[in-house]
1. Checking SER87 against (1) under 24 Å from ALA160 (Cβ atoms); (2) assigned by TED's automatic domain parsing to the domain that holds PHE154, only one condition comes out false. Which one?
2. So, of the residues in region 90-106 that are small (Gly, Ala, Ser) and within 12 Å of SER116 (Cα to Cα), which turns out to be nearest to the chain's Cα centre (by Cα)?
3. Is it the case that ARG112 is of a type outside the set (A, V, I, L, M, F, W, C), farther than 19 Å from LEU19 by Cα and surrounded by fewer than 14 Cβ atoms within 10 Å (Cβ to Cβ)?
4. Among (1) farther than 25 Å from GLU161 by Cα; (2) modelled with pLDDT under 90; (3) surrounded by 12 or more Cβ atoms within 10 Å (Cβ to Cβ); (4) not aromatic (Phe, Trp, Tyr), where does THR5 come up short?
5. Right, GLU131: touching a strand residue (DSSP E or B) at 6+ places or on another chain (Cβ under 6 Å) and farther than 20 Å from LYS172 by Cβ or not?
6. Would you be able to say whether some residue in region 36-47 is more than 23 Å from the chain's Cα centre (by Cα) and among the hydrophobic types (A, V, I, L, M, F, W, C)?
7. On the basis of being exposed (fewer than 14 other Cβ atoms within 10 Å of the Cβ), modelled with pLDDT under 90 and not assigned by TED's automatic domain parsing to the domain that holds ILE64, does PRO163 make the cut?
Amino acid sequence: MEKETALLEAVLFLEADPLDNGSLCRISGLSKETVEAAIADLEEKYAREDSGLELSRIGGGIMISPKKEYWEQLKERYGKKNESRLSRAALETLTIIAYRQPVTRAEIKAIRGIESDNMIRLLLEKFLIKEAGKKDVPGKPVQYKTTPEFLKAFRMNSIAELPKLNENELDKFELEGER
């Protein structure tokens, strides 16, 4: 099992994006059971204090990443510095989309109180959001939702890992007539 675990570790090291078990089986040529056992071995290996790495579950896949406790110290040098920095307006827009998804431009404007077309365009270019179909109302406006790239950027396995909002914070995301 040592060689299989080492092979899986090498695959995860070489891949830039999280991989699901099916992809790991295809790439490595290992069975599902062997991949699951190797992942368990790697989790055990990386759980030790003498390891600076961990297996992160992001968007339904797995990847090797620095332990969260070290990432704060390392992200300035190794993170996508300027590329991933978002303005306050972009972060506000992204937050609304993340908590309200799927959401239309008009709904974002109603919550923010200002047009967000440029912010939506920027978030689409960065692949943090995508179109999620059209709302079944007159005019059929486009709805937006977050992407797997959003989950990867914020190191989440699913949108359910967003911080829970208290009552005051929830009020900020409500539209008129929802109260």
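1. Here SER87 clears every test but (1).
2. Filtering region 90-106 for residues that are small (Gly, Ala, Ser) and within 12 Å of SER116 (Cα to Cα), the one nearest to the chain's Cα centre (by Cα) comes out as ALA90.
3. Judged against the criteria, ARG112 is not a match.
4. Result: THR5 passes all but (2).
5. Judged against the criteria, GLU131 is a match.
6. Among the residues of region 36-47, at least one is more than 23 Å from the chain's Cα centre (by Cα) and among the hydrophobic types (A, V, I, L, M, F, W, C), which makes the answer yes.
7. So PRO163 fits the description; yes.
For (1) assigned to a loop (DSSP other than H, G, I, E, B); (2) not assigned by TED's automatic domain parsing to the domain that holds LEU55, each residue gets a yes or a no:
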site: GLU69; (1), (2): no, no
site: LEU94; (1), (2): no, yes
site: ALA98; (1), (2): no, yes
site: ALA106; (1), (2): no, yes
site: LYS109; (1), (2): no, yes
site: ILE120; (1), (2): no, yes
site: LEU123; (1), (2): no, yes
site: GLY139; (1), (2): yes, yes
site: LYS145; (1), (2): no, yes
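The values are calculated or read from the model by the stated rules, or taken from the named source; none is laboratory data. Since this is a predicted model, take the numbers as computed values, not measurements. Using ideal geometry, Cβ is built from the backbone for each residue, glycine included, and neighbour counts are taken over all protein chains shown.
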